[in-house]
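Presented below is the structure to which this report refers.
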Amino acid sequence: MVNSNSCSLLNLNIKELEENIKSGNLDNFSEDRLIQFWINQHEILGSEGESSLDGLLNYVSKKTKKNQGYLEKSRLAACEILKKGDAETIINIYDSIEFINNGFINKINLEKLLLRNFKNEKTSEKKINDYSIDFINTDSNSPLDYGKRKKFSDIFLDTPIGITLIYKDKPNAVVSFIPKDKNTLMIHQLQGVMPKIYDKEGKFTGEYKWHSRGLFGLDWQKLLVELCIAVAKEEGYNKIGIRSGYNNRWLNEKGGIKIKGALKKYDSVAKRLGFVQDKPSFFNFFSYVFEKGDWYKRIN
């Protein structure tokens, strides 16, 4: 049986795992140890233990009072996006997913943000009223997937959660983010969007539904970054980050982003907004010369 004081990798087979759940031997685990145990069992059992792992997830969800879908999405996001497998990271991601889905958007003074980010200060009140924002989640447990929020199902997200800037009921831009660590909320995606038109067979026609007219005359990148800063402050983070174009997951992918475009979309924006690029230690000369760090800014 399991020693409840341990959260190391435990070589339990499927039968032993199920016996420990039924016997209550996991009941004394703290939240973080129980979540770490669940993570570790995924590494041990893999796809062969899918049914038992589903039972363990159900148990963890009940004991921690956390949403099963959010937990699984957080675990996958930690693994696939951050390459991490620790309970603290997964809890941080979970808290952000839950936070963004529980009414935070309604607390944002969008009019104030818009007025200070329009290049023409005489922008009419009517135009201001044509804008709104909404949160968006990946459509499944996958941490990278098409977004699910009302009718905006063809916006691909690079993290489990994001915020869309909407003009005349049409999404014009999206920002997606994820906690990197206990101090930092990291922006992974900052882009204008034009949802695609598909034919009857579900194939992309090469055309788009509309142009992002709501972005003209608006410093929309700064506005979306400010929205993320508001999220970060409310959640207690003291740093906001922007992934460098050099580290963009779609860099040079087929149909993805090229380095010139990536640097313009992310590094140029980060530098303009006062972010500072992280550099590896000079004592690690190879990394210092060749690795390209992400961009960070402290927030109050």
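Quick note: the coordinates plus some simple rules give every number you see, no bench work behind them. What you see is a predicted model, and the numbers here were worked out from it, not measured in a lab. Here the Cβ is made from the backbone with ideal geometry for all residues, glycine too, and neighbour counts use every protein chain on show.
Rg and Dmax of segment 70-169, based on Cα coordinates, read 16.1, 50 Å.
Distances between placed amide hydrogens fall under 5 Å for Lys258 paired with Asn252, all partners being 5 or more residues away or on another chain. A simple spin-label model places pseudo-atoms 7 Å from Cα toward Cβ; at Asp181 and Glu50 they are separated by 3.6 nm. Summarising the amide proton neighbourhood of Met186: residues at separation of 5 or more, or on other chains, whose placed amide H is nearer than 5 Å comprise Ile178, Lys180, Gly241.
Between Asp145 and Ser30, the simple spin-label model (points 7 angstrom out along Cα→Cβ) gives 3.2 nm. Extending 7 Å from Cα along the Cβ direction at Phe99 and again at Ser132 yields two label points whose distance is 2.5 nm.
Over 29 Å apart at the Cα level, from the set Lys122/Lys265; Lys222/Lys258; Lys63/Lys239; Lys63/Lys107; Lys127/Lys222; Lys264/Lys297, are Lys63/Lys239; Lys63/Lys107.
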